[in-house]
Amino acid sequence: MGTKSKPGFLERKSGQPKYPFDNISSAIPFEKRAYVPAFADIDNDGDLDLFIGTDEEAKYGGGYGEMYFFRNVGQHSSPNFLHETGSTNPFDGIRTERYAHPTFVDIDADGDMDLFVGGYYDNSTDYYLLQYFKNTGTASNPVYVNGSTLFSNPSALGRRGCKQSFQK
Ligand SMILES: [Ca+2]
Ligand SMILES: [Ca+2]
């Protein structure tokens, strides 16, 4: 609805036509406490793919987050998201901090999407962290390794978590 200069929004709900997310809630276990979406064309095929950051407190023995990956196997104007796991998920086995808030941007201008994840480190001091995951693969076949922490200063970031944002 609306136009580029005057947007209008219409909520589409589960079960309605053109609602592309019906298979997502069944892919993420109910007990997760964060569902933070980020879109990026991670396989460079012209449509936006979906990532969802979560809190995975139980899976790794406490205190970590995880990224779920849904490849867009539809069209740019008619998305259809397929849950990818194992080796087809570029974040398979990679832990983030809790309540993962992902954002993709080509920060090093090498043509592939890098990742920043804001999160929460659950210990007695309650740090809020920003992690950087450089894409060491390609624009169509990303490879991410465990991220380095850019900063973790609760007094600078505030105590309600950090969420990163980049403007084009
Ligand atoms: Ca894509
Ligand atoms: Ca890059």
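The values are calculated or read from the model by the stated rules, or taken from the named source; none is laboratory data. These figures come from a predicted structure and were not determined experimentally. Here the Cβ is made from the backbone with ideal geometry for all residues, glycine too, and neighbour counts use every protein chain on show.
When we screen 106, 112 for residues that are closer than 18 Å to residue 47 by Cβ and either surrounded by fewer than 18 Cβ atoms within 10 Å (Cβ to Cβ) or more than 16 Å from ligand 1 (Cβ to nearest atom) (or both), the only hit is 106.
Among residues of segment 67-121 being among the polar types (S, T, N, Q) and touching a residue at least 60 places away in the same chain (Cβ under 8 Å), the one that is nearest to ligand 2 (Cβ to nearest atom) is 103. Remark: pairs (first residue in segment 15-27, more than 14 Å from residue 79 (Cα to Cα); second residue surrounded by 12 or more Cβ atoms within 10 Å (Cβ to Cβ) and modelled with pLDDT of 80 or more; Cβ separation under 6 Å; 6+ apart in sequence or on different chains) = 27/83. I need the full set of residues from segment 80-103 which are surrounded by 21 or more Cβ atoms within 10 Å (Cβ to Cβ), away from ligand 1 (no atom under 15 Å from the Cβ) and part of a loop (DSSP other than H, G, I, E, B), in order please. The answer is 91, 97.
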